[in-house]
1. Assign unit charges at the C-beta atoms only (+1 for Lys and Arg, -1 for Asp and Glu), then state the dipole size of the chain relative to its Cα centre in Debye, rounded to the nearest 20.
2. Which shape class applies to segment 30-122: rounded if a/c is under 1.5, otherwise prolate when a/b exceeds b/c and oblate if not, where a ≥ b ≥ c are the square roots of the Cα gyration tensor eigenvalues?
3. At 37 °C and 0.692 mPa s, grab the translational diffusion coefficient of the chain from Stokes-Einstein with a Kirkwood Rh over Cα pairs, rounded to a whole number in µm² per second.
4. For Asp110 and Arg232 in one chain, what is 0.36 nm times their gap in residues minus the Cα-Cα distance, to one decimal in nm?
5. Does segment 102-241 come out rounded, prolate or oblate, given a ≥ b ≥ c as the square roots of the eigenvalues of its C-alpha gyration tensor, rounded meaning a/c under 1.5 and, failing that, prolate meaning a/b above b/c?
6. So how strong a dipole does segment 142-216 carry about its Cα centre when Lys and Arg Cβ are +1 and Asp and Glu Cβ are -1, to the nearest 20 debye?
7. With the convex hull built on the Cα atoms of segment 98-172, state its orientation-averaged projected area in nm².
8. How high is the relative contact order of segment 122-212, in percent, with contacts defined as C-alpha pairs under 8 Å that are six or more residues apart?
Amino acid sequence: MSTTTGASTRLIRNATILVDVGDTTFLVDPMFTPQGEMPTVTDNPAVPEFLTTANQDRNPLVPLPDIDLSYDAVVVTHRHPDHWDEAAKEELDTDVPLFCQPEETDDFADEGFTDVRPVDDETSFEDVTIHRTPGRHGHGELAKGMGPVSGFVFDAGETVYVAGDTIWYEPVEEILDQFEPDMVVLNGGEAQFEQGEPITMGVEDISAVREATDATVIVVHMEAINHCLLSREELRAETEDVHVPEDGEQISL
């Protein structure tokens, strides 16, 4: 169990984070593959064949930091391999409480996990109420092809909204209005292919979130995957009052 007072988020790498809320710690979107041992995103069977990327470096682009991963439960926003990889399947205990989208319940069970807890709308764990929230992984037809994605709100008096792989659109604004979170974690990097518009948040999306909430805003999902082209330096230069942590860094309320 976490002994952190007040909510906090620690970036591990990419979208892999530890969220402390109440007395509970959640490991979100575990990707444990060593540097360079995954293909580029366009070599993934889940990505439509017509998509190409300017950067063809193998993933992840950076090593996993040496961090003690202590947690009470796992949350997976969606099963793209930069959020749930083969290394995570092998390393996690199969009886860990695992929260996910309802559409992906059977996939986790088929991989041998025995305590899979799909979240339709909301559920609870220890002292935390968990709400599942909508996301849109891109624009237009490309977003449809990326499959279903979710975010999650963790509420234990202080509230953390992990938006997941989404762009800024009306339901994100509605979640901010509904829950008035104390902390918001956004997946930035402005992930994109050479075709179509970005599929995760860029400067304009993040600035829109910043204007819509008084929460502490943290941006992760940067500089780790080959189609995430927005750098931390660029994002820090073009936004105000936004936390852009380095791998391993913790941001607390």
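The values are calculated or read from the model by the stated rules, or taken from the named source; none is laboratory data. Source: prediction; values computed, not measured. Positions of Cβ are backbone-derived with ideal geometry, glycine not excepted, and every protein chain shown enters the neighbour counts. Ligands, DNA and RNA are excluded from the accessible area calculation, which covers all protein heavy atoms including side chains. Shrake-Rupley method; radii C 1.70, N 1.55, O 1.52, S 1.80 Å.
1. Details: 12 positive and 55 negative charges, 76 e Å.
In debye, rounded to 20, the chain gives about 360.
2. oblate
3. On the way: Rh = 18.0 Å.
In µm²/s, the coefficient is 183.
4. 40.2 nm
5. Because a/c hits 1.5 or more and a/b fails to exceed b/c, segment 102-241 counts as oblate.
6. Values: 2 positive and 16 negative charges, 64 e Å.
Using only the charged Cβ atoms, the result is roughly 300 debye.
7. Numbers: hull surface 22.6 nm².
Spelled out: convex hull of the Cα atoms, projected over all directions, averaged, 5.7 nm².
8. Working: 172 pairs, mean separation 22.8, N = 91.
Relative contact order comes out at 25 percent.
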